Amino acid sequence: MSDVPAYLRLGLYSSFTKYTRYLFTLRSVSQPSKYHTLLLFRLSPKECRSDLQPPVSQSDQLFVMESSCPHLGADLSHAEIEEWGDESMVAVCPWHRYDFDLRTGKSETGLRACTYSVKVLDSDTSGTAQIWVESPGEGGWDIVEIRPVSEDFADPPSAISRNPVENSNITSSSSVAISEEAEPTTLFEWAVLILNTPNPELKVKRTRDAVLAFRTGKLRSVGRGVKNKPVPPDVPPREKDLNFVAPGKVTRRGNGGSLKSRIIILHALANIEQWAWDIIARFGDEKVAGQALPHQFFSDWVKVAEDESKHFSLLRRRLQELGSFYGEHTVHAGLWESARDTAHSLPARLCIIHLVHEARGLDVNPTTIAKFRAAGDQESVRVLEIIHHDEITHVTAGHRWFTWICEALALDPIHEFRENVRKYFNGLIRGPFNESDRRLAGMTPDYYLDLRGEGGVLDHKKEGPVTYNI
Ligand code: FES
């Protein structure tokens, strides 16, 4: 075995100059249940060690470490960077302020973060500078996601106030206004509060607040092991004035050629569910083979929750630009039935919602995007492409945590996936499949080809359809 570390090519240096931090996720080629999420810091020459003489090289400005703190797992994407002595730069964890040398990972506490060396090399063929990062282990690694840390929401911060009186125009089944004193103190509390928030704008604002608090260290507790853990609603309440109909009765979409058809398609996509907050609230306290879920589990689903809110904001704004609004057309709650069917089992939930329904989205999105492009609606194309790109990462999150559970329980993930689909899904897993994007998310064809579900757990005919508690 060679002592020389292997490197993997992250991409063109010029692609990493817009932001100062990037998260990237890797999956092992030979062991697809092995993932790493790493953080690339790009410092300015001035921020670099004072012992470096100008000009500071591009390589000297780049640092890579695991994105989870080795203490209790906090997300380091919002760590402060500080100089320590003359020769060290450290990342300071937002949770308990342990600091980790960016180059060696060492901390005065004795803990050590995993760091990886970085090189900037000119490509042999084009002469353009490329970033190479030391591999986190043996064998090949696929880069399954790269995203900047500082991704803004589509909308500016909402004007929604914490003052209940100022929020009186927000419709809801319960009091959605929160006082400063009532601000959640754990991630579980935030998740349940957001699930119980019917107003979508307030949901977006609360998601933004929760994500920021979680990443910056204002919120340091997930809430595990706390007595009286808040319970997520069976069916999240929705706004009173939304026109819910049975899945087969929603307004027909058309082929995307007309403005009306495009509005109806965007409206249907805006009707998202808060799967990620439900996973956090419902399953976050579970143990798998005696192990608590790692902190990365929460970082991943918080990111998915942030995306879901971002998508709603983008779609709502686009509907307004096209002369419509969210709520103008009928919506259905069919997908929540799958969530209810799998409310008792984290593996079943990951399989049915993320690896069946969300993976189906990867199949159909390119066709939808092509329709909008053919109609000349470039702005909607831009929005839909952002959503599609993010949704690949949501399926990846489903694959990551489903395979993590299978590995912990010494189960074959492909066999288990197919068993869960047979048990909790109704009907054929239909193509045509977007094989390349499914593969990027970890879903090789042996997961889904020739697979038919034999029905949900709940008999909705006897129980009645899912109704929203409004
Ligand atoms: S110092 Fe990072 S989680 Fe405690």
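Kindly provide the GluC sites (Glu not before Pro) of segment 296-337 that DSSP labels as loop, not H, G, I, E or B, and whose Cβ sees at most 13 other Cβ atoms within 10 Å. Could you put the intermediate results ahead of the total?
Details: sites: E306, E308, E321, E328, E337; in loops: E328.
Within segment 296-337, the qualifying GluC sites (Glu not before Pro) (loop, at most 13 other Cβ atoms within 10 Å) are E328.
Show me the chymotrypsin sites (Phe, Trp or Tyr not before Pro) within segment 317-416 that DSSP assigns to loop and that have at most 11 other Cβ atoms within 10 Å of their Cβ.
Values: sites: F325, Y326, W336, F372, W401, F402, W404; in loops: F325, Y326.
Loop-located and lightly packed - none at all.
Per residue, how big is the convex hull of segment 187-463 when only Cα atoms are used? Give it in Å³.
Details: hull volume 37.1 nm³, N = 277.
Convex hull volume per residue, Cα atoms: 134 Å³.
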Gain upon complete extension [S57, Y19; 0.36 nm per residue less C-alpha separation]
11.9 nm
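Using 0.36 nm per residue of separation minus the Cα-Cα distance, give me the extension gain between A370 and L411 in nm, one decimal. Write down the numbers at each step before the final one.
Details: separation 41, 0.36 × 41 = 14.76 nm, distance 3.95 nm.
Gain in length upon complete extension: 10.8 nm.
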Measuring from label point to label point, each 7 Å out along Cα→Cβ, what is the E328 to S123 span in nm?
4.4 nm
The FRET efficiency for I81 and K260, from their Cβ-Cβ distance with R0 = 56 Å and rounded to 0.05, is 0.65
For a paramagnetic label modelled at 7 Å from the Cα of H344 toward its Cβ, which residues of segment 393-428 fall within the zone defined by backbone nitrogen distances under 18 Å?
419-426
With 5 Å bins from zero, work out the P(r) of segment 7-148 over every alpha carbon pair and list the percent per bin.
2, 10, 19, 22, 21, 15, 8, 3, 1, 0
Between K227 and S30, what is the label-point separation in nm under the 7 Å Cα-to-beta-carbon projection?
5.1 nm
Can you list residues whose amide H is under 5 Å from L10's amide H, if they're 5+ apart or on another chain and H is modeled 1.01 Å from N?
I131, W132, V133
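Considering only Cα-Cα distances, which of the following residue pairs are longer than 30 Å: K106/K303; K287/K423; K240/K423; K203/K229; K240/K303; K218/K310?
On the way: K106/K303 28 Å; K287/K423 23 Å; K240/K423 34 Å; K203/K229 21 Å; K240/K303 28 Å; K218/K310 22 Å.
Beyond 30 Å between Cα atoms: K240/K423.
Fewest Cβ neighbours within 10 Å first, please rank E201, E134, E391, E454 accordingly. Walk me through the intermediate numbers first.
Working: E201 18, E134 15, E391 22, E454 11.
By the 10 Å Cβ count, ascending, the order reads E454, E134, E201, E391.
Full extension from K218 to E108: what is 0.36 nm times the residue separation minus their Cα-Cα distance, to one decimal in nm? Walk me through the intermediate numbers first.
Numbers: separation 110, 0.36 × 110 = 39.60 nm, distance 2.32 nm.
Taking 0.36 nm per residue and subtracting the Cα distance, the gain is 37.3 nm.
Read the figures in this text as sums done on the coordinates, not as results from a lab. Source: prediction; values computed, not measured. In this analysis, Cβ positions are derived from the backbone assuming ideal geometry, glycine residues included, and neighbour counts consider all displayed protein chains.
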